[in-house]
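Below is one structure, written out as structure tokens, with a few remarks after it.
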Amino acid sequence: MLEAGKKAPAFKLLDQNGSTVTLASYVGRRVLVYFYPKADTPGCTQQSCGLRDIAKKIGDTAIIGISPDAPAKQEKFADKYELPFPLLADTEHVVAEKYFVWKQKSMYGRTYMGIERSAFLVGPDGKIEQAWYKVSPKDTPANLLKALK
């Protein structure tokens, strides 16, 4: 698992508009990288809209969402809820594995692989400042605000 002080794993993924986004392009500013299981589901909507609602309160800190959804699904999600930040498509879960959030899960007796909802505050130097594994949707915005104080 990643922890404070470790270098954040680099990534290069397509966003909801088909543009390439890299973590390296955010060097010099803080960025919240959050992972969510599936666009437009109740928990992911709560988490993403909560971050949208605090976006103006976090100064120069950027927000990036990542899920296994394709760019087209990310675009519908972003448009539907007016999400003002990049939603990246990690369809092969390569980045999720680097951040140790691609996990075995189970629901209704069925076992499958999926995203463990998590968030990481990356500092201007590219190192992890905070890591929140298995975070609840409503706690993601609150954790970010608290960490930035």
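Apart from one condition, Tyr112 fits all of (1) surrounded by 15 or more Cβ atoms within 10 Å (Cβ to Cβ); (2) in contact with a Ser or Thr (Cβ under 8 Å, 6 or more places away or on another chain); (3) farther than 17 Å from Lys12 by Cα; (4) not basic (Lys, Arg); the exception is (1). Residues in the range 48-65 that are within 10 Å of the chain's Cα centre (by Cα) and of a type in the set (S, T, N, Q): Ser48 only. Here the range 60-110 is the region considered, the condition is being in contact with a Lys or Arg (Cβ under 9 Å, 6 or more places away or on another chain) and aromatic (Phe, Trp, Tyr), and the residue that is nearest to Asn143 (Cα to Cα) is Phe85.
The one condition from (1) under 19 Å from Lys127 (Cβ atoms); (2) among the hydrophobic types (A, V, I, L, M, F, W, C); (3) in contact with a strand residue (DSSP E or B) (Cβ under 7 Å, 6 or more places away or on another chain) that Leu51 does not meet is (1).
Could you go through the range 77-91 and let me know if any residue there is charged (D, E, K, R), assigned to a helix (DSSP H, G or I) and in contact with a helix residue (DSSP H, G or I) (Cβ under 9 Å, 6 or more places away or on another chain). Yes. Per the conditions (1) in contact with a Cys (Cβ under 9 Å, 6 or more places away or on another chain); (2) surrounded by 18 or more Cβ atoms within 10 Å (Cβ to Cβ), the sole criterion not satisfied by Glu75 is (1). If you check Tyr26 against the conditions, is it closer than 25 Å to Glu129 by Cβ, over 13 Å from the mean Cα position of the chain (by Cα) and among the aromatic types (Phe, Trp, Tyr)? Yes; evaluated as a whole, the condition is true for this residue.
Return a yes/no flag: does the range 46-62 have any residue that is touching a Phe, Trp or Tyr at 6+ places or on another chain (Cβ under 9 Å) and β-branched (Val, Ile, Thr).
No, the range 46-62 contains no residue that is touching a Phe, Trp or Tyr at 6+ places or on another chain (Cβ under 9 Å) and β-branched (Val, Ile, Thr).
Those residues that are aliphatic (A, V, I, L, M), in a loop (DSSP other than H, G, I, E, B) and closer than 18 Å to Gly123 by Cβ, I need them from the range 2-47; list them, please.
So in the range 2-47, the residues aliphatic (A, V, I, L, M) come out as 2, 4, 8, 10, 13-14, 21, 23-24, 27, 31-33, 39.
Still in the running and in a loop (DSSP other than H, G, I, E, B): 2, 4, 8, 10, 27, 39.
If the condition is that a residue be aliphatic (A, V, I, L, M), in a loop (DSSP other than H, G, I, E, B) and closer than 18 Å to Gly123 by Cβ, then Leu2, Ala4, Ala8, Ala10, Val27 are the ones that fit.
Test of understanding: among Lys103, Lys98, which residue is of a type in the set (D, E, K, R), surrounded by 14 or more Cβ atoms within 10 Å (Cβ to Cβ), at pLDDT below 95 and farther than 20 Å from Gly28 by Cα?
On the way: Lys98 fails: at pLDDT below 95.
From the options Lys103, Lys98, the qualifying one is Lys103.
For Ala142, state whether it is surrounded by 13 or more Cβ atoms within 10 Å (Cβ to Cβ) and in a strand (DSSP E or B). Judged against the criteria, Ala142 is not a match. Selection of first residues in the range 95-115 that are charged (D, E, K, R) and of second residues that are assigned to a loop (DSSP other than H, G, I, E, B), restricted to Cβ pairs under 7 Å at least 6 apart or on distinct chains, gives the following pairs, ordered by first then second residue: Lys98/Pro9; Lys103/Glu116.
Among the residues of the range 106-124, those identified as assigned to a strand (DSSP E or B) and either modelled with pLDDT of 95 or more or not basic (Lys, Arg) (or both) are Ser106, Met107, Thr111, Tyr112, Met113, Gly114, Ile115, Ser118, Ala119, Phe120, Leu121, Val122.
The values are calculated or read from the model by the stated rules, or taken from the named source; none is laboratory data. Because the structure is a prediction, the values reported are computed rather than measured. With ideal geometry, Cβ positions are generated from the backbone for all residues, glycine too; neighbour counts draw on all protein chains shown.
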